[in-house]
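The values are calculated or read from the model by the stated rules, or taken from the named source; none is laboratory data. Given the structure is predicted, the values throughout are model-derived calculations rather than measurements. Note that each Cβ is placed from the backbone with ideal geometry, even for glycine, and that neighbours are counted across all protein chains shown. All accessible areas refer to the heavy atoms of the entire protein, side chains included, with ligands and DNA or RNA removed. Shrake-Rupley method; radii C 1.70, N 1.55, O 1.52, S 1.80 Å.
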Amino acid sequence: MNEIQKLYPSMDGNDFQREELLSFFKSILTKIDELKDPNKLTLGEMPEYTEDYYNRVIQKASVPNTGVSMEEVVQELLKLVEGHRFVNRNYVANAAPLPNIASILGNLVMVLVNGNNLWDVEGPAAAKAEVEVAAMLSKLIGYDESISAGYTTWGGQGAVFNSLRLAIARYEPFSNQNGVPQNLYCFCSELSHYSLLKSVEATGIGIENMIRVKVNADHSINLEDLKEKMEHIIAKGGVPLYVLATMGTTDTFGVDDIKGIKHIAVEMERTYGIDPIYIHADSAMGGMYTFFNNYSFESNTLQFTDNVIEVLKSYQQKFKNIKLADSMVFDFHKLGQTPYITSLFLIKNKEYLKNVDLDAVETPYVGNRGYGSYHTGYTLECSRMGSALAIYASLLAFGIEGYQKLLANYIHVNIAFRETLKREFPNVAITNEVSPITTFRFYPEKNKWNGELNGLLTIEEMTEINQFNDEFAEMIGTERDTVYFGFTKKQCLVEAANSNDRISIYAHKFFAISPYSTIEEVDRYVGFLKEHLELFMKTTVVKV
Ligand SMILES: *Cc1c(COP(=O)(O)O)cnc(C)c1O
């Protein structure tokens with residue numbers, strides 16, 4: 001074996017080289033385990049992020065002239081890990097996953113055989129896993145798996161972009177040749193993710209042509225406003241092309257009524273003789289809750305408590321209609337707990353892909369041989385990672401019931417958190433009534449949330465309350481090592497007593513995503529807030 005060959009796994013599967021590789025894995029796992037501390041959010045100490053931190057990194061960086069030993073490579077990698085946030089029970093900030101073991105193994109297999117998911121000849125494992133998970137999940141949500149299609153892509157945002165591309169090509173098949181027509185309009189709720197903003201920008205539709213629709217008290221899109229705005233666009237000669245139906249808003253888990261959206265779309269199509277309006281369900285956050293679509297709450301075999309069932313039932317009502325969407329997404333790297341990036345974009349009808357697929361003459365490199373029958377020439381990526389392997393492994397290991405238990409626990413913990421929070425703080429308001437995310441806001445004196453919701457407070461008063469919460473978030477943020485809460489500056493928009501402009505509500509976020517965030521932990525979370533708020537109130541001059 002020459003020196004360069006030593007840098008690779010074996011060719012013949014010999015024991016020696018396998019043991020060597022395993023020993024590196026073992027060093028890495030052992031060191032990471034040594035750094036774990038259930039009372040902290042980081043692996044070891046966080047580095048000091050001084051102003052010139054990255055400048056110093058840049059200055060020091062250079063490729064070594066001769067390669068270093070593998071032991072040293074491992075040491076250097078482990079230095080990067082030092083101080084890394086590690087999603088455990090102390091992380092209640094956002095939808096960041098602790099990848100489950102099956103998904104880690106799926107990823108490892110993906111790397112070891114390193115298929116290219118572009119073409120089954122180059123990546124048969126990923127191709128088969130991709131076809132299989134697309135079919136599994138189509139069946140689960142109620143798409144016809146014989147006509148649906150799916151592929152893994154660059155996140156929930158990639159799914160939005162891909163869906164918009166399909167919508168444009170379905171409306172104007174020659175847009176590939178001639179460019180995007182000028183008068184296309186997209187609609188989304190004002191609490192939808194910025195993915196659509198980026199997509200209208202990148203497709204050339206333009207941000208001016210993205211229409212933001214008001215939301216209801218439960219953070220779902222307001223259907224009257226949607227209809228009114230569509231009619232307005234049609235009246236001025238525009239084409240309503242696309243609706244983004246958010247199924248679980250990022251901060252507050254508002255779920256749009258997709259049946260209602262579909263109804264309006266069909267009504268517009270009939271009344272005005274326009275082309276079908278494309279609906280993409282942005283289910284990056286909520287998609288996993290389709291795992292309850294067929295759960296029987298009567299037999300309740302998993303013995304969920306009544307308050308959890310109440311929430312799950314309301315989700316089932318909404319998520320069972322997701323099949324009305326032309327496409328949707330599963331972001332496993334959010335609530336499904338797999339590594340980044342594991343997003344499956346699912347399309348109701350694979351015919352849509354024909355409009356964006358490449359001609360065989362345009363792909364002289366791959367896919368145009370007599371062999372191989374799976375070629376994803378329609379994706380925006382060329383080479384693609386086989387992340388379906390991680391999804392596949394995870395689905396096998398959890399099964400529907402495993403995911404149901406995981407997802408129900410998020411809700412269980414949130415309900416307990418809300419109850420404890422309200423009991424412990426007279427000056428707190430829970431600002432969303434839907435799990436599995438709790439947003440909440442503190443007041444210098446007493447809870448004024450009802451007044452804020454009903455437009456009774458002035459801009460100045462609300463700004464001051466926002467400020468109060470912002471400063472408190474900064475304070476507890478410096479101790480995110482102990483418990484890390486999220487914070488949002490646009491939880492929702494409310495009217496003010498003295499202005500026509502609506503104002504953004506700032507709120508803290510409790511997003512219990514780790515399987516180690518159980519209800520036994522709730523007192524700790526609330527205790528952390530209590531201790532710090534008392535200190536904060538003492539040290540802050542209260543004006544409101
Ligand atoms: C997170 C999120 C996205 C973006 O997903 P990525 O996987 O981060 O690209 C899009 N839409 C919603 C509603 C989200 O919550």
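Using +1 on the beta carbon of Lys and Arg, -1 on that of Asp and Glu, and nothing else charged, what's the dipole of the range 302-360 about the Cα centre, debye to 20? Before the final figure, lay out each step's value.
On the way: 8 positive and 7 negative charges, 35 e Å.
About 160 debye.
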With all protein chains in place and a 1.4 Å probe, residue 180 shows an accessible area in Å² (nearest 10) of 50 Å²
Filtered hits (aspartates and glutamates, Cα-Cα < 14 Å from residue 509, offset >= 8 within chain) -> 251, 433, 470, 474
Share of accessible surface on carbon and sulfur in the chain, whole %, 1.4 Å probe and ligands ignored, is 53 percent
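Computed over the Cα atoms of the range 267-325, what is the ratio Rg over Rh, Rh following Kirkwood? Intermediate results must be reported in sequence, preceding the final value.
On the way: Rg = 15.9 Å, Rh = 13.6 Å.
Reported Rg/Rh, Kirkwood definition of Rh: 1.17.
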Taking every DSSP bridge whose two residues both lie in the chain, the antiparallel percent to the nearest 5 is 60 percent
Distribution output for the chain: share of Cα-Cα pairs per 20 Å bin in percent, first bin at 0, values 19, 49, 29, 3
Quick tally, 1.4 Å probe accessible area for 60, 26, sorted with the most first, runs 60, 26
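Accessible area per residue, 1.4 Å probe, Å², for the chain: what's the number? Could you put the intermediate results ahead of the total?
Numbers: 26640 Å² over 544 residues.
Accessible area per residue, the chain: 49 Å².
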Applying the span-like rule to the chain (DSSP H, Cα extent along axis at least 27 Å, Kyte-Doolittle mean at least -1.0) gives 15-35, 388-424
In whole Hz, the Karplus estimates of ³J(HN,Hα) for the range 37-48 (6.51, -1.76, 1.60; θ = phi - 60°; x where Gly or Pro) are 9, x, 8, 10, 9, 10, 7, x, 8, 5, x, 7
Dipole check, the range 115-193, charges on Cβ (K,R +1; D,E -1), about Cα centroid: among 148, 175, 136 the Cα furthest to the positive pole belongs to 175
In deg cm²/dmol, rounded to the nearest 500, the helical mean residue ellipticity at 222 nm of the chain, built from -39500 (n - 2.57) for every DSSP H run of length 4 or more, is -13500 deg cm²/dmol
